[in-house]
1. Sort through A:LEU120, A:LEU138, A:LEU105 and tell me the only one that's of a type in the set (A, V, I, L, M) and surrounded by fewer than 11 Cβ atoms within 10 Å (Cβ to Cβ).
2. Restricting to the stretch B:352-365, name every residue that is open to solvent by 60 Å² or more (accessible area, probe 1.4 Å) and farther than 15 Å from B:TRP250 by Cα.
3. For the stretch A:43-61, give me each residue that is within 9 Å of chain B (Cβ to nearest Cβ) and either acidic (Asp, Glu) or open to solvent by less than 10 Å² (accessible area, probe 1.4 Å) (or both).
4. Go through the stretch A:1-27 and report how many residues are touching an Asp or Glu at 6+ places or on another chain (Cβ under 9 Å), part of a strand (DSSP E or B) and open to solvent by 60 Å² or more (accessible area, probe 1.4 Å).
5. Inspect the stretch B:194-206 for any residue being out of contact with any Leu (no Cβ under 9 Å at 6 or more places or on another chain), within 14 Å of chain A (Cβ to nearest Cβ) and not aromatic (Phe, Trp, Tyr) and give the result as yes or no.
6. For the stretch A:111-122, how many residues meet the condition of being under 21 Å from A:GLU88 (Cα atoms) and either more than 22 Å from the chain's Cα centre (by Cα) or not assigned by TED's automatic domain parsing to the domain that holds A:LEU140 (or both)?
7. Need at least 3 residues that are open to solvent by less than 10 Å² (accessible area, probe 1.4 Å) per element, so show me which helices (runs of 4 or more DSSP H) inside the stretch B:75-186 make the cut, counting only ones lying wholly within it.
8. Applying the selection to the stretch A:24-40, what residues are within 26 Å of B:LYS125 (Cβ to Cβ) and more than 10 Å from every other protein chain (Cβ to nearest Cβ)?
Amino acid sequence: MTEEKHVLSILVENQPGVLSRISGLFGGRGYNIDSLCVAETTEPNVSRVTIVTTGSKQIIEQIIKQLHKLINVIKVIELTGTEFVQREMALIKVKAKPEHRAEILRMVDIFRCKIIDVGLEHYIIEITGDEDKLSAILSLLKPLGIKEIAKTGFIALSREPKVV
Amino acid sequence: MKLTGAQILMEMLKEEGVKTIFGFPGGAVIDIYDELAKTDIHHVLVRHEQGAVHAADGYARASGGVGVVLVTSGPGATNTVTGIASAYMDSIPIVIFTGQVPTQLIGNDAFQEVDIVGITRPCTKHNYLVKDTNDLARIVKEAFYIAQSGRPGPVLVDIPKNVAATRIDYKPPKKIQLRSYNPTYKPNMRQLSKAVSLIKDAKKPVIFAGGGVVLAKASKELTEFARKIKTPLTGSLMGLGAFPGTDPLWLGMIGMHGTYRANMSTGACDLLIGIGVRFDDRVTGKTDEFASQAKIIHIDIDPTSIQKNIPVTVPIVGDCKATLELLNKLLDKEDLGDLNEKRKQWLDQIEEWKSTNPLAYVQKDIIKPQFVVEKLYELTKGKAIITTEVGQNQMWAAQYYHFDKPNHFITSGGLGVMGFGLPAAIGAQLACPKKLVVDIAGDGSIQMNIQEMATAAQCGLPVKVVILNNGYLGMVRQWQELFYEKRYSQTCMEYAPDFVKLAEAYGAVGLRATKPEEVEKVLKKGLSIPKAVIMDFVVEKEECVYPMVPAGAPITKMLLV
C-alpha cells in the first residue's frame, strides 16, 4: 500500500505524561513521527498536539483509533484530505561573509522573512512558511553555508468555519 | 471529616464494594496497610507480587467483577508488570495500587523508587500518579470506572507515602466526568441492518466468538443468536465457554491448535461473524488466506480491534451484549426461510470434517497427557473452573476439557504467562469458594510461581494442581522437534523437585500416577480431598499437541496426528 504524509491535530488534556503516552504509542507500535508540535490552547487545561506522520491508509486509521483510545485524548482530527493551513517556523544561522551579505538580504526580502540576529560572521534568519517555502530558502542558502538550523515542526489548523 | 490518604483509600474501596485484595506490604504502603487492618476487607498475602496480579486476574474472571492489588514501591511495583501486561492483553479489569516514595523524593533515585507509571504506561488501560491527597478519591473512583467500562483492562494508581499519610478534609467524590472517555456500547443501526442482510444471504456462515463475549456477559444472547440463524461456532482460546462446548453447533477452538473442523470451516465459509475477538496471529495464521472466501462481520467494543489485522466487510463497534440483543430482535422480524434445509449441505460438510480428523492421540502403556485431561473432564462432569499454565498443558486443557459455561476457563491468552495458573486458581477459588478449581499445569511452568502454594495453605484454599509432567518445556520442545530437527536446546528440565514431597512441604497433599490405570484413582482421590493437592502425572515425554498450524501458514494447512 502507498505511504502518505498525514497531518493529525489532537486535542489532549493538559496533564503530565500525556505527551509520553502519545510518543510511547507511536514508538511501541512502530508508527512514524515526522514532526510533533505541542502547546496550550485558549483553554489552559487543553493542549493541541500536531503530528505529521507517514503511513498507509490502514496504518493511519489505526493511529487515529489508537490515539482516541488514550484516556487523556479528547479529539483527533485528520486534516489531510480537508481544507487546512499549515506552517512551520525555522531559525537559520547562515554564514555571512561580506561579499554575500547583500545577496542574503535580498533573499530575506524575497521570502519575506526577517533577520533577527547579526554577528561578525553570521546572520540568524527567522522564516515562517509551508514545507515548499522552507525547503526553497534552505536550498538557496545552502551554497553560502548554513551553520545551524532549528525548526519548530508543523502546526496546522482546519479552514472549516466550525471550531474543531 | 478529616481523613488521611490511607483512610480515604479504605473509604473508596468500601464504596466500590471491594471484599478481597491481593497484595504484599512494604515501606511505602505501610500507612495503607495500617488502615487496611482496621477494615473487613480480606487481604490475601501472596508470596510474590506477580502472584498477586494473576490471583486478582483469576478472581476477576471467575467472579465477573474487578480484581484489586496492593503492593509497595520499587521491586513490589516492578514485580507486578508481567501480571499487568497479561491482564491488559486479555482485557481483564484489575485496579493495582502501588506505593511510591514521598513526592519530595520522586526523581531522586530514592530507596525503592521506580517510575512505575512510566514503566506500565504501555501495558495498562490507564494509570495515575497521585501527587495530592485531595485528588486521591476522585482518581480511585475513575480507576475503578475505567478498569471495568468499555473494553476492560488494568488501571494502576501510584500513591506516594506522604500522599497516603497526609490528613485532609475529605469530601466524597462526585459523579465521574471524563470528557475524553466515552466507550461506545450501542451499535450503529445502519451497520446492524447491513449485517442482517449478509446473514440472510449467507449459505455457509460461521460464528467466531471471543473473550469479549465472556467479558460482556453475553453468552445467553450469543447462544440465542447462533441457534436462531442455525450457524456453527468456533471460539478463540479466550472465548471458550462463551457457547456450550457440548452443543452440536460447537466446532471447537480455532487457530494454531484449533480443531480440524473449526479451521476448515473458517477456510471455507462465505460469512464469518467475529464477536468480541481481535483476530490475533495465533487465530488467523497467514492473514491473506484467512477466511478468504468470506465476507466478515466484526463486532467489538474496541474500534482499534477492527480492521487492525483483517479487512472487514461490516465493522460494528459496540458492546457484544447490546449488539447481539439488537441483532436478535432484528432477526426475529426477518423471514430466514427453512434454515434446516438451507444449512443442511454446510452442516453435513462440517460433520464430515469432524469425523475425518477428530481430536485424537495414540493410547499406549504410558500416560498420555490428553488422557489425564479427558479423565478430569469426565470426573468433574465439566463443571470445574480450570486455570492453566502456558504451553502444551494449556492447549490440551483447551482441547479436551469442554466448557459449557463462561468464566470457567481462566488462562493467560494474549501474553502467555508461564506461572499464571496457580495464582489464578487461588483467585478463582476465593471468588467461588464452593467450586472445584483445578490448575492444569506443566512441570516447567508450575515452578514459575510455585511459592503461591504457601498462599493457598495460609488461606486454606482447596485448589487442585494437575501437573502433566513430561520433563520438558514441552511446547518449545515440540517446535524444536518439528521445525529445528530435534535440537532440544535448553528445553529438557534435567532436574525437577519431587512434586509430591514439595506439596507436603507446603502443607498440601501430594499424589503421583505413573501408569494409565492409576490416573482415574489419583484424580478421584485428589479431587475429593478438601485441601490443596498437587497431582503429579508422569506422562509421555515427547507428546505433541495436534492439530498444529506452523507459524505463518494458513490455518487450513494443519499438521495432524
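1. None of the other options fit; the residue is A:LEU120.
2. Here is the first cut: in the stretch B:352-365, the ones open to solvent by 60 Å² or more (accessible area, probe 1.4 Å) are B:352, B:354-356, B:358, B:362-365.
Hits for the stretch B:352-365 are B:THR356, B:VAL362, B:GLN363, B:LYS364, B:ASP365.
3. Residue satisfying the conditions is A:GLU61 alone.
4. Final tally of qualifying residues: 1.
5. Kept after step one, since they are out of contact with any Leu (no Cβ under 9 Å at 6 or more places or on another chain), are these residues of the stretch B:194-206: B:194, B:197.
With within 14 Å of chain A (Cβ to nearest Cβ) added as a condition, the list becomes none.
Within the stretch B:194-206, not a single residue is out of contact with any Leu (no Cβ under 9 Å at 6 or more places or on another chain), within 14 Å of chain A (Cβ to nearest Cβ) and not aromatic (Phe, Trp, Tyr).
6. Applying the first criterion (under 21 Å from A:GLU88 (Cα atoms)) to the stretch A:111-122 yields A:111-117.
Then keep just the ones that are either more than 22 Å from the chain's Cα centre (by Cα) or not assigned by TED's automatic domain parsing to the domain that holds A:LEU140 (or both); that gives A:117.
Residues meeting the conditions: 1.
7. Hits in the stretch B:75-186: B:81-89, B:133-148.
8. Narrowing the stretch A:24-40 to residues within 26 Å of B:LYS125 (Cβ to Cβ): A:24-33, A:36, A:38.
Result: A:PHE26, A:GLY30, A:TYR31, A:ASN32, A:ILE33, A:LEU36, A:VAL38.
The values are calculated or read from the model by the stated rules, or taken from the named source; none is laboratory data. Not measured: the values here are computed from a predicted model. With ideal geometry, Cβ positions are generated from the backbone for all residues, glycine too; neighbour counts draw on all protein chains shown. Just the protein is used for accessible areas: all its heavy atoms, side chains included, with ligands, DNA and RNA removed. Shrake-Rupley method; radii C 1.70, N 1.55, O 1.52, S 1.80 Å.
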